[in-house]
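A short reminder: the numbers here are calculations on the coordinates, not readings from a lab. All figures in this text were calculated on a predicted structure; none of them were measured in a lab. Positions of Cβ are backbone-derived with ideal geometry, glycine not excepted, and every protein chain shown enters the neighbour counts.
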Amino acid sequence: MAARNYASLLVGLLALCHTWGVMADVEVNMEDRVEVFRGETALITCMFTSSEGIGGMSIQWFYVTLSGERQSIFYQDSAMKNKDKGTPFTDRFSVNGTGADGEIVLRISDVKVKDETEFICLIKSLTEGSGEGRTKLKVFATPDPPSIEVVETGISINENSPSKVGTCEVKNCFPKPNITWYRNNTPLRGAPDVVKVVPSVTVESSGLYSVKSDLSMKVKKEDKNDTFYCEVTFFVPGGTSMTETNHMKINVHYPSTAVKVWVESPKGHIKEGDSIEFHCHGNGNMPSSVLSIVYNGDDYSLDDNVFVLDKVTRRNSGIYQCTSTDFESDHVEEVSGNTTVFVNYLDPAVVTPTDTVVVDQGKELKATCNALSSLQTQVVWMKNGTKFSTGHSLILKDATFDSAGKYVCMVTVPEIVGMETSGTLDVKVQGPPDIKEPGYTEMEESTGSTVDLRCNVRGFPAPTITWTTSDGKILKTEVGLQSVVSIKVTSDITASCNASNEFGTDVATFNINATINTTTPANTPTSTSTSTTTATTIASATVKAQTETRAKEIKKEGNGVIIAVLIICILLLAILGSVLYFLYKKGKICGRSGKQDLTKEKSSKDNIVVEMKSDNTEEAVLLGVNGEKQHPSNQ
């Protein structure tokens, strides 16, 4: 133990002797600057050497305050390490290394903008030799995207001094950025009474910078198509960077030097009754400019540069002048433009002769149709909705009743769709009546039925139509071109339609032949024997057949003859039926005897008969198989 203390004392004496002799030479090397982004970690390196070696040296770190004083933050030697309390870096820095290799690193985390200062590394040797190095810590913050706003209300070229164009702004940058205005990719520099750029800087609570730049300038009409934007230049570790705002256009107000007015609708020709829509536009855009349309000394205001004139007539034709008046200038300025409007017209059609005309049958009629128009017209004559002829004149040669009727004269303007007018001519052809063929002068109708007879007549004046019968009875009389009469059929009848006017007469005759309806009677009582029914049926069928044959033969004879013949036929049929029935009872018919069973039915189909009776008689005729007539000798 004593030996160890002796050795230590010897070393100390040697060192002390050395110190008394020469002071050690200490050299410290550090970077001039260390650059980092805000929030990152800064590494500040201190490298040192000493002529007597690096053992036993003390190391101390300082930073320079805003007042220029150095403030200690760390101390270490071979025996201890000490971090100063209460400094801005106390909780965010550390020192890496012991210095035994001649290097020590100050590590500062989460770098802030206010950390930008100078850091000092002080190295002392055992012999009181010392050296120090300095490094500036530079902190950078990238700004938010810049913005640009231009004046929305517009700028007048009549302003005498520069007007505000817009504002550019960039926020949260460090160090302070630079803003440069551009017009059409060309930088704008300040010029007295022409261009004025005014910047303003704001330091945020975070220590970051926000910069605004206001641009004012005197604008010209040519600036209306220019684009403006701002370029922001800011610093980054190792250099600079740049970003741009959006490109914007400004609204330049300037007075009109020319005015244009035109008809927007209708396109092409204008006709009476149309609505004309005028559009008026000047090549300026001064808010103080007023547009108006002048016609025949009258002023018409415009609504959003549009003026509508409703339901125009030919009197609205003429020159329409649109005027732009600027009240903002030192003196009132007016600029005008004009357009010419012509309103086409088509007067109502004039038909000669007018309204209704009467022409004699066989004569010729000439009529004309004209309408005054501003354009070429086309005339078409229509009858019953069908084209009859073309041209201004209507000629009816050798007039007939078919020529009568209403003729419509259609006058159109081919160049303008929908431009048309019309007139009407009612033609009456006078002459004796002409009864149209009814198509059924001969007819058959059932007795007791009612028939309608119709008579259609042509003629003018309207004829008197009289209905009469063959016995001189007048059924109906009326005036007109159509007449209908109803007749109840009781017998054959002849009716005549007589049409007459002051020019003549025409007659149509209707012959009605009455026919007798036949019905089938109900079945005979069951108490009547089958044989009796069969014989009666055969007789009735025979009588009916003969009656029908006879009726056909005498159809066209007089009514008295027909009735007499019918009565005789009925009497003969009654006698014949009685005889046949008597012979049947005696067994003289069909090979039967009187003692045979009258209720026994034959199975042969040849004996099937049908009983038919007329409405007024009980006579019967015999019908064979399939309804064929049979002679009594064959039964």
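Mind listing the phi-derived Karplus ³J(HN,Hα) values for region 176-184, rounded to whole Hz, using 6.51, -1.76 and 1.60 with θ = phi - 60°, and x for any glycine or proline?
4, x, 10, 10, 10, 7, 10, 10, 6
Just flag the GluC sites (Glu not before Pro) in region 84-149 sitting in loop per DSSP whose Cβ has no more than 11 other Cβ atoms within 10 Å.
Answer by residue number: 128.
Which translational diffusion coefficient, to the nearest whole µm²/s, is obtained for region 313-455 from the Stokes-Einstein equation, given a Kirkwood hydrodynamic radius over C-alpha pairs, 37 °C and 0.692 mPa s?
In µm²/s, the coefficient rounds to 160.
Could you give the Stokes-Einstein D for region 25-140 in µm² per second, using the C-alpha Kirkwood radius, 25 °C, 0.890 mPa s?
The diffusion coefficient I find is 172 µm²/s.
Would you calculate the separation in nanometres between label points at residue 305 and residue 475, each defined as 7 Å from the Cα along the Cα-to-beta-carbon direction?
8.3 nm
Normalising by the residue count of region 237-284, find the relative contact order in percent from Cα pairs under 8 Å and 6+ residues apart.
39 percent
Kindly provide the pair-distance distribution of region 259-344 built from C-alpha pairs, with 5 Å bins from 0 and whole-percent values in order of increasing distance.
So the P(r) values, bin by bin, are 3, 15, 26, 24, 15, 8, 5, 3, 1.
May I ask for the net charge around residue 63, where only other residues with Cβ less than 9 Å from the Cβ of residue 63 are counted and Lys, Arg are +1 while Asp, Glu are -1?
That sum, taken over residues with Cβ under 9 Å, equals -1.
Past 18 Å, Cα to Cα: identify those pairs from 164/218; 83/112; 171/218, in the order given.
Flagged as over cut-off: 83/112; 171/218.
As an exercise, use a Förster radius of 56 Å and the Cβ-Cβ distance of residue 390 and residue 294 to find the FRET efficiency, rounded to the nearest 0.05.
Once rounded, the FRET efficiency stands at 0.80.
I need the calculated FRET efficiency for the pair residue 110 and residue 27, taking r as the beta carbon distance and R₀ as 30 Å, to the nearest 0.05. It would help to have the intermediate numbers written out before the result.
Values: r = 33 Å, r/R0 = 1.08.
The formula returns an efficiency of 0.40 here.
Return the sequence-ordered ³J(HN,Hα) values of region 354-361 in whole Hz as given by the Karplus equation 6.51 cos²θ - 1.76 cosθ + 1.60 applied to θ = phi - 60°, using x for Gly and Pro.
Whole-Hz 3J(HN,Hα) from phi for region 354-361: 8, 6, 10, 10, 10, 10, 6, 4.
When N counts the residues of region 253-307, how does its alpha-carbon radius of gyration compare numerically with 2.2 N^0.38 Å, as a ratio?
Normalised Rg, Cα atoms only: 1.27.
Based on the mean of other Cβ atoms within 10 Å per residue, sort peptides 237-245, 202-210, 135-143 so the most packed one is first.
Per-residue Cβ counts within 10 Å, averaged per peptide and sorted highest first, yield 135-143, 202-210, 237-245.
Length gain on complete extension for the stretch residue 428 to residue 488, per 0.36 nm per residue less the alpha carbon to alpha carbon distance?
Using 0.36 nm per residue and subtracting the Cα-Cα distance, I get 17.9 nm.
Which three semi-axes in whole Å describe the equivalent ellipsoid of region 350-432, each the square root of 5 times a Cα gyration tensor eigenvalue, listed largest first?
Listed largest to smallest, the semi-axes of region 350-432 are 26, 11, 10 Å.
Can you give the FRET efficiency to the nearest 0.05 for residue 378 and residue 441, using r as the Cβ-Cβ distance and R₀ = 45 Å?
Working from the Cβ atoms, E equals 0.40.
Given the Cα atoms of region 436-515, and with Rh set as the inverse mean 1/r over their pairs in the Kirkwood sense, what is Rg to Rh to two decimals?
Rounded to two decimals, Rg/Rh equals 0.98.
Quick one: work out Rg over Rh on the C-alpha atoms of region 147-253, Rh as Kirkwood radius.
Rg divided by Rh gives 1.01.
What number in nm² do you get for region 308-377 if you take the convex hull of its Cα atoms and divide its surface by four?
Average projection, Cα convex hull of region 308-377: 7.6 nm².
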